[in-house]
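S.K.: Quick one: the structure is below, and I'll ask about it shortly.
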Amino acid sequence: MKSEKSIAWLLLLVVPLGFAGIWRLQHGIDAQRASISEERDEVLLRSPKLVKAMSLEYAPLLADIYWTRVVQYYGNKHLRGQANLDLLWPLLDITTALDPNLVIAYRFGAMFLSPAAPGGAGRPDLAVQLIQRGIQANPEYWRLYEDLGFVYYFDLKDYQKASAAFLEGSKKPNALVWMKIMAAKVAAEGESFETSLFLWKDIYDTSADPSVKKNALMHLQLLTVKEDCKQLDALADEYAKRHGKRPSRMSDLVQAGLVRGIPRDPLGFPYVFGEGGKAELNLDSPLLEKQLMFDRFKNVVP
Amino acid sequence: MRRAGVVALNTFREAVRDRVLYNLVFFALLMIAASVAVGQISIGIEQTVIVSLGLSAISVIGLLISIFLGVALVSKEMDKRTLYTLLAKPVRRSEFLLGKFAGLVLTLAVNTAAMAMGLLLAMLYVKHSLERSDTVVLVAVYFILLKLALIVALALLFSCFTTPLLAILFTVGLYSAGLYVQELRNLPIEVMSPPMSAFTKWLSYLLPNFENFNVMAMAAHGRVVPGALILQNTLYAVVYCTIVLTAAAAVFSRRNLK
């Protein structure tokens with residue numbers, strides 16, 4: 001009886017102290033593992049056919065698991081700001097082979113694959129391949145044509161193919177009317193602020209995923225900044241014509257009656273004129289960091 | 001402690017008598033076959049294949065022994081009624097458990113060391129010489145042994161309060177979950193609600209993290225494992241085994257053996 005009690009007391013002492021030690025040790029082990037920067041092999045089997053054969057009748061379930069791994073892989077790389085997304089395609093390849101009707105894998109997968117770093121893997125060619133595979137398996141789903149047009153428009157800058165994708169999608173059941181309008185507009189104008197704004201706004205409005213919404217919102221804001229700066233530069237040219245010198249501050253434009261008030265970016269921070277006399281984001285604006293990040297990875301925001 | 005040592009030594013003897021070490025023959029045959037075959041079927045990855053295959057075999061064989069024998073450590077003694085004879089002597093239940101644990105870990109250590117020797121011989125056959133960087137293979141084997149000790153402790157804990165079949169299922173389940181602890185911790189925070197995120201984080205520290213002991217890929221590519229990691233993993237295994245064995249002793253001391 002005495003022995004039983006002493007063991008119970010020992011247990012009460014050992015469990016909290018032990019797990020506190022485990023907690024601390026695990027942090028140390030994680031740090032060590034991170035320092036040796038081992039690339040964990042996320043894809044042991046790279047053959048979709050083999051994985052499908054091995055999955056027996058559980059292929060759809062396995063597809064869900066693989067899709068979760070895609071999200072985790074992309075999310076982890078994204079959070080750590082790592083540009084190397086080499087395993088994204090094999091994971092998506094296996095996911096869609098396991099379940100060809102998993103539409104979300106084509107849609108989001110293309111979104112992960114297509115944009116250049118830091119937003120994606122910079123492989124629009126693979127994104128096109130993925131969506132076309134999705135269209136083949138789900139020919140009536142018009143949103144896939146929208147995604148295809150999106151990749152051609154933003155990342156490949158192939159406006160004829162973008163227009164063709166929008167037009168083809170507009171013929172599908174339940175396709176929204178704007179698909180046809182977009183097809184004509186992209187064919188006639190190529191890239192334009194209104195079209196880009198509309199496409200990102202559609203992503204923002206229709207997506208239920210918070211991270212996709214956040215990404216679309218950021219693109220919308222940067223797009224607005226780009227257009228604002230373009231217009232402010234035009235006004236600065238006008239000011240230079242009238243006064244023989246470029247404006248050094250935004251208040252110069254206000255005093256000249258070219259704008260009503262100090263122009264502000266989408267987050268409410270006033271624009272400024274940079275050293276080259278061009279309009280740009282205020283140093284205090286959080287959007288500046290985003291803009292610099294995209295410029296660093298040479299991804300021109302349309 | 002001396003009494004636990006006697007139990008440990010007898011557990012080891014019993015395992016040897018039960019022909020547990022016969023698996024070494026299987027391992028030797030596998031290594032010989034792989035060493036000969038790998039040169040015929042692959043180019044440039046002979047060492048990688050031999051090391052990966054060897055370490056995997058050591059791990060799988062060790063797992064089978066640790067789970068099945070670990071669960072049987074207590075239940076077999078009860079079934080054969082030898083436990084009652086033993087406990088009638090001046091041996092505490094906790095000492096009996098500790099001795100059983102140490103005995104099986106000793107068996108696994110001997111078994112694993114013999115297999116490691118076999119693996120090194122196979123590497124020598126394939127590479128014609130061994131380099132200093134090959135010591136990483138021994139580190140990987142040591143980590144496997146730490147992992148196996150933790151599994152034995154878990155199997156022992158479960159066998160103290162449930163049937164052998166359920167104890168096997170619980171151990172296998174916990175081992176499988178422990179392999180994905182890292183995944184649990186790496187789940188993107190953005191896609192989870194804050195309570196779920198906190199829950200998975202806590203769970204990831206409570207579950208035994210078996211992925212800590214996996215350096216097979218590093219060993220296969222001859223990459224150095226830092227000394228600090230060896231020390232931390234050793235401490236991790238010791239602390240976790242202490243927690244589990246204390247819990248097992250607490251459960252077993254209260255168990256009605258009538």
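Each value in this text was obtained by applying a stated rule to the coordinates, not by laboratory testing. Note that the structure is a prediction, hence the values are computed from the model and not measured. All Cβ positions, glycine included, derive from the backbone under ideal geometry; neighbour counts span all protein chains shown.
S.K.: Taking Cα atoms, how many degrees apart are the long axis of helix B:46-79 and the longest axis of chain B, rounded to 10 and kept between 0 and 90?
M.R.: Approximately 10 degrees, to the nearest ten.
S.K.: Please give the helix B:227-254 orientation as an angle from the longest Cα principal axis of chain B, in degrees from 0 to 90, rounded to the nearest 10.
M.R.: 20
S.K.: Rounded to whole Å, give me the distance from the Cα center of segment B:139-199 to that of segment A:138-207.
M.R.: 48
S.K.: Residue by residue through segment B:84-90, which ³J(HN,Hα) values in whole Hz follow from phi under the Karplus form 6.51 cos²θ - 1.76 cosθ + 1.60 (θ = phi - 60°), with glycine and proline marked x?
M.R.: Along segment B:84-90, the couplings run 5, 4, 5, 6, 6, 7, x Hz.
S.K.: Where in chain A are the DSSP H helices whose alpha-carbon span along the long axis reaches 30 Å or more and whose Kyte-Doolittle mean is at least -0.5?
M.R.: Details: long enough: A:2-35 (48 Å, 0.40); A:210-243 (48 Å, -0.59).
For chain A, where a helix must reach 30 Å along its axis and average at least -0.5, the hits are A:2-35.
S.K.: Mind listing the phi-derived Karplus ³J(HN,Hα) values for segment B:202-210, rounded to whole Hz, using 6.51, -1.76 and 1.60 with θ = phi - 60°, and x for any glycine or proline?
M.R.: Working through the residues one at a time gives 4, 4, 5, 8, 6, 6, x, 8, 6 Hz.
S.K.: Under a 10 Å cutoff between Cα atoms, tell me which one of A:PRO173, A:PRO48, A:PRO90 has the largest fluctuation in the Gaussian network model of chain A.
M.R.: Looking only at A:PRO173, A:PRO48, A:PRO90, the largest GNM fluctuation is found for A:PRO173.
S.K.: OK, next. Using a/c under 1.5 as the rounded threshold, could you call segment B:2-254 rounded, prolate or oblate? The axes a ≥ b ≥ c are square roots of the C-alpha gyration tensor eigenvalues, and prolate needs a/b larger than b/c, oblate otherwise.
M.R.: It comes out oblate by the Cα gyration axes.
S.K.: What is the calculated FRET efficiency for A:TRP9 to B:SER56, with r their C-beta to C-beta distance and R₀ = 41 Å, to the nearest 0.05? Intermediate results must be reported in sequence, preceding the final value.
M.R.: Values: r = 42 Å, r/R0 = 1.03.
It comes to 0.45.
S.K.: Let me ask something additional. List the lysines whose Cα sits under 20 Å from the Cα of A:LYS77, skipping any in the same chain fewer than 8 residues away.
M.R.: By straight Cα distance, A:LYS77 reaches A:LYS213, A:LYS214, A:LYS290, A:LYS298, B:LYS201.
S.K.: Tell me whether the protein assembly as shown comes out rounded, prolate or oblate; compute the Cα gyration tensor, take square roots of the eigenvalues as a ≥ b ≥ c, and use a/c under 1.5 as the rounded threshold.
M.R.: Working: a/c = 2.66, a/b = 2.21, b/c = 1.20.
Prolate is the answer for the protein assembly as shown, as a/c is 1.5 or above and a/b outweighs b/c.
S.K.: Residue-wise, which Karplus ³J(HN,Hα) couplings in Hz belong to segment B:95-110, taking 6.51 cos²θ - 1.76 cosθ + 1.60, θ = phi - 60°, and x for glycine or proline?
M.R.: Ordered by residue, 3J(HN,Hα) equals 5, 4, 5, 4, x, 4, 4, 4, x, 6, 5, 5, 4, 5, 5, 5 Hz.
S.K.: Leaving out same-chain residues fewer than 8 places away, which aspartates and glutamates sit with a Cα under 16 Å from that of B:LYS147?
M.R.: Reachable aspartates and glutamates: B:GLU211.
S.K.: Assign one of three labels to segment A:48-195, namely rounded, prolate or oblate, based on the Cα gyration tensor with a ≥ b ≥ c the square roots of its eigenvalues; rounded applies when a/c is under 1.5, prolate when it is not and a/b is larger than b/c, and oblate otherwise. Numbers along the way, then the final one.
M.R.: Values: a/c = 2.72, a/b = 1.45, b/c = 1.88.
Since a/c reaches 1.5 but b/c is at least a/b, the shape of segment A:48-195 is classed as oblate.
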